[in-house]
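The values are calculated or read from the model by the stated rules, or taken from the named source; none is laboratory data. For clarity, every value in this text was computed on a predicted model and none was experimentally measured. Positions of Cβ are backbone-derived with ideal geometry, glycine not excepted, and every protein chain shown enters the neighbour counts.
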Amino acid sequence: MDLLLLILTVPFAFGVIMFLMPLHFKFLQTFHILLSVIVSSLLLCAVGKVVNKEVLSLFHDFIFLDSMGAIFLSLIAITGLLANVYATTYMKWELEGGHISLREVKNYFALSFIFTWTMSLSVLCNNIAFMWAAIEATTLASVFLVAVHNDKKSTESGYKYIVLCSIGLAFALYATILLYSAANGKIDGEAMLYTNLLANAASLDPMALKLVFIFALIGFGTKAGLAPTHTWLPDVHAEGPAPTSALLSGVLLKCAMLGLIRYYAVVANGVGFDFVETVMVVSGTLTLFVSAFFLIRQHNVKRMFAYHSIAHMGVIAFGLGVGGAIGLFAALFHCAAHSFTKALAFCSTGNIARIYGTKDMTKMGNMIRIAPLTAVLFGIAICSLVGVPGFAIFVSEFLIFKAAAIDGKYILMGIFAVALAIIFIADFSHFFLASFGKVEGKVEHNGEMKLSENLPLIALAVLIVSFGIWQFDSFTFLLDQSVKTILKQ
Amino acid sequence: MATINLIDIIAVLMMGTSFAVFSLRQYRHSVLAYALQTLLLVAIFLALYDKYDSHELLVWSVTAFIIKVVCVPLYLLRLIKKLGVVVDDEPVGGFFISPVVALSFSLAVAMMFYKVFIHFSIFKDVLPLFAASFIFMMGIFGFILRTSFLKQILSYCLFENGIHLSLALMAYTSHELVEVGILTDAVFAVIIMSILAKRFYASYGSLNTSKAVNLRG
């Protein structure tokens, strides 16, 4: 059976199977981990084939996997697996605390496979309208991963999530329709296929392409959390369970960003890179400063990380705006670096919420003594988020500076430096507040989590440090190929 | 010539029904206005099929009739009955001002967009293209100006109809799975929003979304 066909069917089938499983937590936990490993193995097999320069396509190129898709598919596989494994631990605590029922846990596990399926579909679609449908489906599949409880806050977050993302994505659908109608009859082959559109971008109407990009930016930008349409993100990421936040921030935002990058490539090759770069610099700068402003004021640890997600989407947009081979490389690398980092950050908030029973950082303290490993993991996430050398995010942020310096874009360098400095100060003050000093609130779980419970977090921390100090040839190959595709070299 | 007039007449009627969906105070009436609008959408698909001999639109009209004229309105009527709600909450700007604002701004935006779309559209019918943008914008304004969760679901349905009409006029030749994918998303979105509306009503005792202020900062 074709590997892509397996990827398109197996996660969905696993979701359905999970819905039918008996209500026995130990069994559900083991089964969930097992099925997650199978799904991730399938995804990584496909990525491996792309690394080995195989071309994967299905249904007359309706579905395909290119190097850029492979980068994002590997994030779904790795970050998705680790977040799903952590979810079994997190749900055990929720169950023990009486915050959730066993049936809700089962539904959560089942929906996480449907969610993985929709994200994989969005990455694999060559047909841009179906890619849109898949990205919209990611919202629908994840609403009840966010709104797991029946209380006011949970319902409100679910409401904001579906309403704001649906409105935003409607503009992306208009971009899709307009791009198709602008290309239909003017290019060889199917005008809905991204590969055809990219190959024939130069023959498309420049005015139409500019409008298409603005619509795509509003649409996919809303889903990716770019300002000023980011307002759903803090509420949703802060309110959902920790592993859901890890999945949303670590993987889902990147899938939406991939949609935008595909439009970026087509439009840039149609109207020239200056237009898309200018738009992305404006969007990235606005996003960075809006998030930095709100970040300083945050005391809720999950809300703080949610604003971080917005900030780092701003970094990716800024990288695309700086442009050039290095800027694009940096933006794509940042997608991976931020994925691992944010998954670790949100998963560590699960541990922290268990220790203190609150998300308010002003009521925390002394974590380094209560749960030293969690404090270290939390610290690694913070260090990476602010771009400390030796951690993954430093690499991409440094490369953005380098790209700007090579092109003589010194004003952009200055703007980027100021935004990162604000984020740096805000983050470390919050980190010290939570990790050191006296506990202002109460400690509900006085001790470290079991090592087995912390394993997914340790794996994420290892990835963050590895990507910060080591260059993985296969991953660099995928990045290089993707940059060449965008630049049409 | 007669067919061209018919398409234009249906397009104008669709615009009128979108205004009705937005403005009518009784939920039941709003849903029925939506069902009527979708019936007109089916009619416009059939008229376009007749005029341009585009077989794809014949299939689209059948699926749209089953899903959007029959299933979605029935589902929404059932939701209204279950919740026991009758009349909309006071919208932003009041019952009189908000429809006027939505109408005027939707007309203005549609005036801008249709001129761009007509350059690239497969079918060069002016009024339906204008109507598609207008209906889409009425849906967007529905989200902004109406505070009722049910009205917002209907607003989603409205802008989905606007997009569906644009798709038929500008991209009906695309792969058949595209329409299936978009329609499936729309149906699931309505179902999920309805479940959330039920939860919302149970939590807040109302469908007024302006009460949802627990998450801020």
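Scanning the range A:473-484 finds one or more residues that are exposed (fewer than 13 other Cβ atoms within 10 Å of the Cβ) and modelled with pLDDT of 90 or more.
Taking the range B:91-178 as the region of interest, the helices (runs of 4 or more DSSP H) fully inside it that hold 3 or more residues being at pLDDT below 85, over 30 Å from A:I63 (Cβ atoms) and not small (G, A, S) are B:94-120. Among the residues of the range A:285-303, just one is at pLDDT 85 or above, over 17 Å from A:L248 (Cβ atoms) and at the interface with chain B (Cβ under 9 Å from one of its Cβ atoms), namely A:F294. One residue stands out among those in the range A:170-200 that are in a helix (DSSP H, G or I) and surrounded by fewer than 20 Cβ atoms within 10 Å (Cβ to Cβ): the one that is nearest to the other protein chains (Cβ to nearest Cβ), which is A:N196.
Residue-wise test of (1) crowded, with 23+ Cβ neighbours inside 10 Å; (2) over 25 Å from A:A459 (Cα atoms).
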| residue | (1), (2) |
| --- | --- |
| A:V266 | yes, yes |
| A:N269 | no, yes |
| A:H308 | yes, no |
| A:A336 | yes, no |
| A:S348 | yes, no |
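Checked against (1) over 30 Å from B:A197 (Cα atoms); (2) within 11 Å of chain A (Cβ to nearest Cβ); (3) within 16 Å of the chain's Cα centre (by Cα), B:F123 passes all but a single condition, namely (3). Just one of the listed residues (A:F340, A:F333, A:F398) is part of a helix (DSSP H, G or I) and closer than 30 Å to A:V439 by Cα, namely A:F340.
Quick one: how many residues across the range A:90-104 are among the small types (G, A, S) and part of a helix (DSSP H, G or I)?
0
Of all residues in the range A:441-470, those being part of a helix (DSSP H, G or I) and either acidic (D, E) or touching a Pro at 6+ places or on another chain (Cβ under 8 Å) (or both) number 2. Checked against (1) more than 19 Å from A:L233 (Cα to Cα); (2) at pLDDT 90 or above; (3) surrounded by 24 or more Cβ atoms within 10 Å (Cβ to Cβ); (4) not acidic (D, E), A:G323 passes all but condition (2).
Residue check: A:A238 meets all listed conditions (1) more than 13 Å from chain B (Cβ to nearest Cβ); (2) over 17 Å from A:S181 (Cβ atoms) but one, namely (1). Checked against (1) over 20 Å from B:L127 (Cβ atoms); (2) crowded, with 21+ Cβ neighbours inside 10 Å, B:V62 meets all criteria but (2). Mind listing just one residue for me: the one in the range B:168-217 that is of a type in the set (K, R) and either at the interface with chain A (Cβ under 7 Å from one of its Cβ atoms) or without any contact (Cβ under 8 Å) to a residue 40 or more places away in the chain (or both) and, of those, surrounded by the most Cβ atoms within 10 Å (Cβ to Cβ)? So the residue we want is B:R199. Within the range A:366-392, the set of residues being more than 17 Å from A:I458 (Cα to Cα) and touching an Asp or Glu at 6+ places or on another chain (Cβ under 6 Å) comprises A:V386, A:G387.
Looking only at the range A:150-169, residues that are closer than 19 Å to B:G142 by Cα and either in a loop (DSSP other than H, G, I, E, B) or more than 8 Å from every other protein chain (Cβ to nearest Cβ) (or both) come to 5 in all.
Assess whether B:P91 counts as being more than 20 Å from B:I7 (Cβ to Cβ), buried (at least 20 other Cβ atoms within 10 Å of the Cβ) and in contact with a Lys or Arg (Cβ under 6 Å, 6 or more places away or on another chain). It is true that B:P91 is more than 20 Å from B:I7 (Cβ to Cβ), buried (at least 20 other Cβ atoms within 10 Å of the Cβ) and in contact with a Lys or Arg (Cβ under 6 Å, 6 or more places away or on another chain).
Screening the candidates A:S57, A:S40 for the property of being hydroxyl-bearing (S, T, Y), within 21 Å of A:K342 (Cα to Cα) and surrounded by 15 or more Cβ atoms within 10 Å (Cβ to Cβ) yields one hit, A:S40. When the test is whether a residue is aromatic (F, W, Y), within 24 Å of B:F95 (Cα to Cα), within 10 Å of chain A (Cβ to nearest Cβ) and touching a residue at least 24 places away in the same chain (Cβ under 8 Å), B:F149 passes it. You will find that of B:V12, B:V31, B:V42, B:V21, the residue that is under 24 Å from B:S174 (Cβ atoms) and not hydroxyl-bearing (S, T, Y) is B:V42 and no other.
Scanning the range A:100-149 for residues that are more than 14 Å from chain B (Cβ to nearest Cβ) and not hydroxyl-bearing (S, T, Y) yields A:I100, A:L102, A:R103, A:V105, A:K106, A:F109, A:A110, A:F113, A:M119, A:V123. Scanning for something touching a residue at least 12 places away in the same chain (Cβ under 8 Å), among the polar types (S, T, N, Q) and farther than 26 Å from A:S57 by Cα, does the range A:189-209 turn up at least one residue? No, there is no match, as no residue in the range A:189-209 is touching a residue at least 12 places away in the same chain (Cβ under 8 Å), among the polar types (S, T, N, Q) and farther than 26 Å from A:S57 by Cα.
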